[in-house]
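The values are calculated or read from the model by the stated rules, or taken from the named source; none is laboratory data. Bear in mind that the values here come from a model prediction, so they are computed numbers and not experimental data. A quick note on method: Cβ atoms are made from the backbone with ideal geometry, for glycine too, and the neighbour counts reach across all protein chains shown.
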Amino acid sequence: MKAFSSIKDHTMNQAIRATACVAAIIVAPITALSEPTFTDSCETLDGWSVHPSAGVTAQLRLDAGADGKSLRLDFDFTKGSGFVVLRRDLSIELPENYRFRYELRGSAPPNNLEFKLVSESGEDVWWVNRRAFHFPREWRAQFHKRRHFTFAWGPSGGKPLKRIGAIEFAVAAAEGGRGTIWIDNLAFEPLPVPQPVIHDPRVHVSSVDQTSDPALRADDAYELPASGEITWHSARDDDDPTLTLDFQQVREFGGLVIDWDPTDFATDYIVETSVDGDVWRTDASITCGGGGRDWVPMRDAQAAFVRVRINRTSRGRGVGLKRLSVLDVSFADSPNAMYSTIARESPRGWFPRTLLGEAQPWTVVGADRDADEALIDAAGAVEVDRGNIRIEPFLFVGGRLRTWADARCEASLADDGLPLPFVTWRCDDLRLTVEALADDRTGGAVLLTRYTVTNARDTAARGSLLITLRPFQVLPPWQDLSITGGVCDVSEIRRQNHG
């Protein structure tokens, strides 16, 4: 049995970078698509009432808002569970398509945030339920279209509502605790009914060079093929290269996929939308692009034109594209929807099996009578705490990345029965063992993981063991009773020196 020694390789860095391929930060404010038929600027408490459950205290009052005053709801889950409902009686006939919008900020632990439509009888409820919601510290626009609502309960069994008698905001305990949320500028807007896509997008570019497709000209439109393949490179002296899609109709979509030229790619760019080609708004801004493929989520975008405006490129010699595709409106509905799409378009093994819709066995790791617990799955990924990130191993050997998909994974218990789970990868002549346990000898349980790589070859193997932190729970996306599995929210990563 020979040694397994570590190396560093540029190809390894490229392979790992490719697993983190969402490039956009959504920055667009939510603007009106049509004239609202109902607005509440939240300057008074008229029409509002608060209803806490047993074990919850709550107070509703006015406070400074995004514009003037706002509703302020203070709550405390004194027993760790329960809910508080903020209700407004509101009689509205619901058209075929619509959306509610409002502005929100909060200072509270992650808890379920519910927005409900209540029938005139008060018995049927449709809702948007965002479990373990991370409340934004700054004002952020929220919106809920008709397609976002699902049937919650009621005697109708899911018959669509024609008219409502009230709306409700509810905060239900996930982590519990105490907190405050602020709500401002509530509005209801009828929307046009989405029309089927009947036109292929046309492409307009600001300039071309000699390497571009001859059919692409700066003074003419180019019909984008269904494959999205396009060979475009801007002129070297084009200081403001742009590519514009003309849908020839207003349509909904969920984002873009951009495959950049391997040498000349955008490192800083924005994506803008317009319904008329005159007034534009910024929907996404990317400031640290690294080439390759960018997934640009644009939740519920609705436009007739999309413009990619490049601010900076990798070499300052123009920019090139190889492929540009428009994503279905469902792509950006949720982080799980987005990453499930990305996982299916990526090499198998780059993302968790559960994001492919496949089951992956897991078990609990924790100390006796301790409130905290971790999970380890049958591929050796460890979820460090409830609803938190995973630690996931990879091997880089022979010039390529090895994942769970390249290995035969076996899950076992120490000594064939002790509650100490471990997972073994068998990948060619290499064996990777992942062990996880909770150590409570110091008075507070600490999660420990150990990774051992064994080489069964007669010759030395050179490679690297890669330990990654990834924003995916071991808990699968379809587990959503009290907490939604799959993608998790990571707001901060801090390194602490413990000696």
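For segment 262-290, a residue qualifies if it is among the acidic types (Asp, Glu), within 21 Å of GLY320 (Cα to Cα) and more than 26 Å from the chain's Cα centre (by Cα), and exactly one does: ASP264. Within segment 426-477, the set of residues being surrounded by 13 or more Cβ atoms within 10 Å (Cβ to Cβ), outside any strand (DSSP E or B), of a type in the set (D, E, K, R) and at negative phi comprises ASP429, ASP440, ARG457.
The criterion of being surrounded by fewer than 22 Cβ atoms within 10 Å (Cβ to Cβ), more than 26 Å from ALA141 (Cα to Cα), assigned by TED's automatic domain parsing to the domain that holds ASN336 and without any contact (Cβ under 8 Å) to a residue 24 or more places away in the chain holds for ASP239.
Among the residues of segment 50-66, those identified as surrounded by 13 or more Cβ atoms within 10 Å (Cβ to Cβ) and out of contact with any Gly (no Cβ under 6 Å at 6 or more places or on another chain) are VAL50, HIS51, PRO52, THR57, ALA58, GLN59, LEU60, LEU62, ASP63, GLY65, ALA66. When segment 236-273 is filtered for residues that are aromatic (Phe, Trp, Tyr) and more than 15 Å from ARG202 (Cα to Cα), the ones remaining, listed by number, are PHE253, TRP260, PHE265, TYR269. Annotation: of all residues in segment 242-265 being under 14 Å from VAL308 (Cα atoms) and of a type in the set (D, E, K, R), the one that is surrounded by the most Cβ atoms within 10 Å (Cβ to Cβ) is ASP259. Restricted to segment 426-436, and to residues there that are under 30 Å from the mean Cα position of the chain (by Cα) and of a type in the set (A, V, I, L, M, F, W, C), the residue that is modelled with the lowest pLDDT is ALA436. Residues of segment 297-355 that are in a strand (DSSP E or B) and basic (Lys, Arg): ARG299, ARG307, ARG309, ARG312, LYS322, ARG323. Kindly indicate whether any position in segment 414-423 is touching a Cys at 6+ places or on another chain (Cβ under 7 Å) and either over 21 Å from THR468 (Cβ atoms) or of a type outside the set (Asp, Glu) (or both). Yes: segment 414-423 contains one or more residues that are touching a Cys at 6+ places or on another chain (Cβ under 7 Å) and either over 21 Å from THR468 (Cβ atoms) or of a type outside the set (Asp, Glu) (or both).
Would you confirm whether or not segment 176-195 contains a residue that is over 26 Å from GLN302 (Cα atoms) and assigned to a loop (DSSP other than H, G, I, E, B)? Yes: segment 176-195 contains one or more residues that are over 26 Å from GLN302 (Cα atoms) and assigned to a loop (DSSP other than H, G, I, E, B).
Residues in segment 290-298: is at least one more than 13 Å from ILE258 (Cα to Cα), in the same structural domain as GLU252 (by TED's automatic domain parsing) and surrounded by fewer than 19 Cβ atoms within 10 Å (Cβ to Cβ)? No; the residues of segment 290-298 include none that is more than 13 Å from ILE258 (Cα to Cα), in the same structural domain as GLU252 (by TED's automatic domain parsing) and surrounded by fewer than 19 Cβ atoms within 10 Å (Cβ to Cβ). Only one entry of SER81, SER91, SER107 meets the criterion of being surrounded by fewer than 19 Cβ atoms within 10 Å (Cβ to Cβ), within 25 Å of the chain's Cα centre (by Cα) and among the small types (Gly, Ala, Ser), and that entry is SER107. Scanning segment 275-286 for residues that are assigned to a loop (DSSP other than H, G, I, E, B) and in contact (Cβ under 8 Å) with a residue 24 or more places away in the chain turns up VAL275, ASP276, GLY277, TRP280.
With the structure loaded, tell me whether GLY158 is out of contact with any Asp or Glu (no Cβ under 7 Å at 6 or more places or on another chain), more than 26 Å from GLN473 (Cα to Cα) and not acidic (Asp, Glu) or whether it fails that test. For GLY158, the condition - out of contact with any Asp or Glu (no Cβ under 7 Å at 6 or more places or on another chain), more than 26 Å from GLN473 (Cα to Cα) and not acidic (Asp, Glu) - is met. Scanning segment 410-425 for residues that are under 31 Å from the mean Cα position of the chain (by Cα) and either not in a strand (DSSP E or B) or not aromatic (Phe, Trp, Tyr) (or both) gives GLU410, ALA411, PRO421, VAL423, THR424.
For segment 126-138, residues that are more than 16 Å from VAL171 (Cβ to Cβ) and crowded, with 17+ Cβ neighbours inside 10 Å total 1. Condition check for GLN249 on (1) within 26 Å of the chain's Cα centre (by Cα); (2) part of a strand (DSSP E or B): one failure, at (1). Tell me, yes or no, whether segment 61-68 has at least one residue that is within 28 Å of the chain's Cα centre (by Cα), on the phi < 0 side of the Ramachandran plot, among the small types (Gly, Ala, Ser) and not assigned by TED's automatic domain parsing to the domain that holds GLN302. Yes, the conditions are met somewhere in segment 61-68. Going residue by residue through segment 40-48, is there one that turns out to be assigned to a strand (DSSP E or B) and either within 20 Å of GLY176 (Cβ to Cβ) or modelled with pLDDT of 95 or more (or both)? Scanning segment 40-48 turns up at least one residue that is assigned to a strand (DSSP E or B) and either within 20 Å of GLY176 (Cβ to Cβ) or modelled with pLDDT of 95 or more (or both). Candidates in segment 203-235 are the residues that are charged (D, E, K, R) and surrounded by fewer than 15 Cβ atoms within 10 Å (Cβ to Cβ); of these, the one that is nearest to LYS322 (Cα to Cα) is GLU229.
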